[in-house]
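Working notes, beginning with the structure itself.
The values are calculated or read from the model by the stated rules, or taken from the named source; none is laboratory data. Keep in mind it's a predicted model, so treat the numbers as computed, not measured. Every residue, glycine among them, receives a Cβ derived from its backbone with ideal geometry; neighbour counts consider all protein chains shown. Ligands, DNA and RNA are stripped out before the accessible areas are found, and what is left, the full protein with its side chains, is counted by its heavy atoms. Shrake-Rupley method; radii C 1.70, N 1.55, O 1.52, S 1.80 Å.
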Amino acid sequence: MSEPRSVDPLQRRVVLVLVLVQVVGGVGNGAGLAVGSLLLKDISGSSGWAGMAVVMLTLGAAAFTIPLSSLAARAGRRPALTLGWVAGALGAAITVAAASLESLPLALAGLGLFGGSTAANLQSRFAATDRAQPEQIGRSLSIVVWSTTLGAVIGPNLTGPGASFADLVGVPDLAGPMIFSAVGFGIAGLLTFVLLRPDPLVRSADAAPAPRGLRAALPYARGRTLTAMWAIASSHAVMVAVMALTPVHMEDHGAALEVIGLTISLHIAGMFALSPLMGWLSDTWGADRTILLGQSILVVAACVAGTSGSSQVQITIGLTLLGIGWSASVIAGAAKLTNSLEVSTRPVVQGLSDLTMNLAGAFGGLLAGLVVAVSGFGTLNVAAAVLTIPVVLLVLSGRRVAAGAV
C-alpha cells in the first residue's frame with residue numbers, strides 16, 4: 001500500500017478559507033433554522049404552515065444549486081459561493097421585514113432566498129475536493145462540513161438573545177435571530193469573495209469545456225453515481241422530515257423556546273461534529289459501509305424520537321442520533337459521488353445531487369406537516385424509517401455487482 005501524498009499547499013489554503021466561511025455562515029443557518037417554523041406559525045396563526053419553513057428553505061436551495069454549479073464550472077467557485085451567501089443575506093432581511101408586516105407571502109419568499117445560503121454551504125464541501133487527492137476526498141469535504149459545527153450550534157442558541165435584540169430594534173421576537181442570519185451570511189459572502197484565491201476550480205485555458213446545466217448532468221446519474229445521489233437525497237429527506245416538526249412537537253408539549261433551541265443545536269452538532277470521523281471512515285473503511293452505518297443510525301433515531309411523547313430528554317437524544325445518521329450517510333455519499341466522476345464533470349453532477357437532495361428535503365418537510373396533522377409525530381417517524389430501506393437495497397446491490405465483476 002502506497003504512502004499518501006502530502007497535501008498541496010493551495011489545497012490547504014482553500015480548506016482553511018472554507019472552514020472560516022462555514023463557521024460564520026453556520027451561525028446564520030443555525031439561527032434561522034431554529035425559528036423559521038415558529039415564525040411562520042406565528043404569522044399565519046396555524047401549525048399547518050410550520051412545515052413550510054423548511055420546505056421553502058430547501059426549495060430555495062434547490063433553485064440555486066444548478067445555477068451556482070454552472071457558474072462555478074464557467075467562472076470558478078469563488079463567484080458562485082459568494083452569490084449564494086449574498087442571496088441568503090437578502091432572504092433573511094426580507095424575512096425580518098415580513099415578520100414586522102405579518103405578511104405570510106413575503107415570509108415565504110424571504111425563506112426561499114434564504115435557501116441560497118444553504119446551496120453555498122453545500123457546495124463548499126465539494127469545493128474542498130477540487131484540488132484534493134482521491135484518497136483524501138472524504139476527509140477534505142468532512143473537515144469543511146465539520147467547521148459548520150461551531151456556528152450551527154451557536155446559531156439556535158441565539159433565539160433568546162435574538163428576542164432581546166428584536167425588542168431593541170422594534171421587530172417581533174422571532175425576527176431577531178433572522179437579523180443575526182443576515183449579518184452572518186453577509187460576512188460569509190465577503191470573506192469568500194476576498195479570501196478564496198486562487199480559485200480551487202479555475203482550470204487551464206486549453207482544458208476541455210466543462211458540462212453545464214441540468215440536461216448535461218443527467219447522463220452521468222447512473223451506477224455508483226446514482227446510488228450515491230439516492231443515499232444523499234433519501235437521508236436528507238428523513239432528517240428534514242423529522243427535524244422540521246420537532247420544534248412544533250416540543251412546543252405542543254410545553255417546552256420553552258430555549259429548550260427547543262438547545263435540542264436543535266444538539267441535533268446540528270450531531271450532523272457536523274463527527275463529520276471528520278465519517279470522512280475518515282469513508283476513506284478507510286469504505287463509503288458503502290459508512291452509508292449503511294448511517295442508515296442504521298437513522299432507523300434508531302426515528303424509533304427514539306417517535307416514542308418520545310413529552311420527554312424532552314428522549315426527543316433530544318433522538319434528534320442528536322438523527323444528525324449523526326445524516327452525517328454518516330451524506331458525507332460518505334458525497335465522497336462516493338465525487339470519486340465516481342471525472343474531474344471535468346464533477347461541478348454540474350454535484351449540483352444535480354444537491355438539487356435532488358434539496359427537493360427530497362422539501363418533499364419530506366411538506367409531507368411531515370401533513371402526516372403530523374393527520375396522524376401524529378410517531379407516524380412521521382415510522383415513515384422516515386421506511387425510507388432507509390431503498391438505500392440499503394441499492395448499496396447492497398451495487399456491492400454484489402462489484403464483487404461479481406472482480
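Given a Förster radius of 60 Å and the C-beta distance between Val374 and Gln133 as r, what FRET efficiency does 1/(1 + (r/R0)^6) yield to the nearest 0.05?
0.75
The magnitude of the dipole of the chain, with charges of +1 and -1 set on the Cβ of Lys/Arg and Asp/Glu and taken from the Cα centre, is near 1340 debye. Labels on offer are [x] 24.1, 86; [y] 19.9, 67; [z] 22.9, 74, and the one holding Rg and Dmax of the Cα atoms in Å computed from this structure is [y].
Screening the chain for whole DSSP H helices with an alpha carbon extent of at least 20 angstrom along the helix axis and a mean Kyte-Doolittle hydropathy of at least 0.0 yields 9-44, 52-75, 77-101, 104-127, 137-154, 176-195, 223-252, 257-272, 287-306, 312-339, 346-375, 388-405.
With the simple model of a label 7 Å out from the Cα in the direction of the Cβ, Arg13 to Val169 spans 3.5 nm.
Select from Val259, Ala109, Gln314 the residue farthest towards the positive end of the dipole of the chain; place +1 on Cβ of Lys and Arg, -1 on Cβ of Asp and Glu, and compute about the Cα centre. Projecting each Cα onto the dipole axis, the largest value belongs to Ala109.
Met271 contributes about 20 Å² of solvent-accessible surface, heavy atoms of the protein only, 1.4 Å probe.
The smallest convex shape that holds all Cα atoms of region 287-331, its convex hull, gives 39 Å³ per residue.
In this simple spin-label approximation, Val313 and Ser103 carry label points 7 Å from Cα along the Cα→Cβ vector, and these lie 4.7 nm apart. Note on Trp285: accessible area is roughly 110 Å² with a 1.4 Å probe, heavy atoms of protein only.
Each other residue within a Cβ distance under 13 Å of Leu16 adds +1 if Lys or Arg and -1 if Asp or Glu, for a net charge of +3. The distance separating the Cα centre of region 308-372 from that of region 237-272 comes to 16 Å.
With 0.36 nm allotted per residue and the present C-alpha distance subtracted, the Asp252-Ala221 stretch has 7.0 nm of extension available. Students often get this wrong: which residues of region 131-160 have the backbone nitrogen under 16 Å from the point 7 angstrom along Cα-to-C-beta of Trp280? Within reach of a label on Trp280, which here means backbone N under 16 Å from a point 7 Å along Cα→Cβ, region 131-160 contributes 136-147. If I build a Gaussian network model for the chain, linking alpha-carbon pairs within less than 10 angstrom, which residue out of Leu380, Leu293, Leu366 has the largest mean-square fluctuation? Top of the fluctuation ranking is Leu293. Atom-type composition of the exposed protein surface of region 36-118 places 68 percent of the accessible area on carbon and sulfur (1.4 angstrom probe).
For the chain, a Gaussian network of Cα nodes joined below 10 Å ranks Val313, Val300, Val27 by mean-square fluctuation, and the top entry is Val313.
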